[in-house]
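K.L.:
Dumping the structure here so I can ask a few things about it.
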């Protein structure tokens, strides 16, 4: 499978090998190959422009999403699906690491600022591309250590533990609080709390996500003795498990609000 740019490089290399001068006609050659059904073309559209994907065999939808953006990887709810933690969604979430990006949060946190932020819907990326009946959502993030990356079926994605952390931080990209709790429960037999805490500390979030992660771990059935490092941390602020919650319950143990419809699962 190729993007337009990659296929142009391949066409140029082939033309050079057979001593054919293209004279800038690479795209016309590609159109000819599509017309002759030597290759197939798929189109992704963001409402302003189109991007083409070329293939000979029907492509994997996750691979297609990554092909459209160099250096990208599968994350959040989509990574959770590949790890066997959640159900399939036609929204495909892709992270695009960049050196200059800082993680979310504020230098100085005030309770009223937290409340104002979480009363609204979570901000999401506008970098969205429609491909058939799927939507590729590209999220720019800071660089991710190779220790927190893996591959499944050759597809690049975040590790199990990095995925769990990412889901807690961006619930909108992960199906919401109930889906995240179910993912933590499915991950319980194999996920490492030590790795989860390490990743969380490396990210150095300004918001107290240790409260949300602790809530999920505790209610997912993880060994409570292993949660001591999270329980011992400051819980200065009343935090929120999700954004724009319509009705919420309060958990004094983790000093946070969670969706009221989640109570039946706890």
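K.L.:
Would you pick out the residues in the range 118-153 that are over 13 Å from residue 61 (Cα atoms) and in a loop (DSSP other than H, G, I, E, B)?
P.N.:
Once the filter is applied, which keeps residues that are over 13 Å from residue 61 (Cα atoms) and in a loop (DSSP other than H, G, I, E, B), the range 118-153 yields 119, 120, 121, 122, 123, 124, 125, 126, 127, 143, 144, 145.
K.L.:
Just to be sure, is residue 77 part of a helix (DSSP H, G or I), under 15 Å from the mean Cα position of the chain (by Cα) and farther than 22 Å from residue 12 by Cβ?
P.N.:
On the way: part of a helix (DSSP H, G or I): yes; under 15 Å from the mean Cα position of the chain (by Cα): yes; farther than 22 Å from residue 12 by Cβ: yes.
It is true that residue 77 is part of a helix (DSSP H, G or I), under 15 Å from the mean Cα position of the chain (by Cα) and farther than 22 Å from residue 12 by Cβ.
K.L.:
Among the candidates 217, 256, 266, 241, which residue alone is touching a helix residue (DSSP H, G or I) at 6+ places or on another chain (Cβ under 9 Å) and at pLDDT below 95?
P.N.:
266
K.L.:
Out of 84, 176, 77, which single residue is at pLDDT 95 or above and buried (at least 21 other Cβ atoms within 10 Å of the Cβ)?
P.N.:
After ruling out the rest, the residue left standing is 77.
K.L.:
Condition first: loosely packed, with under 15 Cβ neighbours inside 10 Å and free of Cβ contacts under 8 Å to residues at least 40 places away in the same chain. Now tell me which residues in the range 126-153 satisfy that.
P.N.:
126, 146, 147, 151
The values are calculated or read from the model by the stated rules, or taken from the named source; none is laboratory data. Please read all numbers here as calculations on a predicted model, not as lab measurements. When we count neighbours, we look across all protein chains shown, and the Cβ atoms used for this are built from the backbone with ideal geometry, even at glycine.
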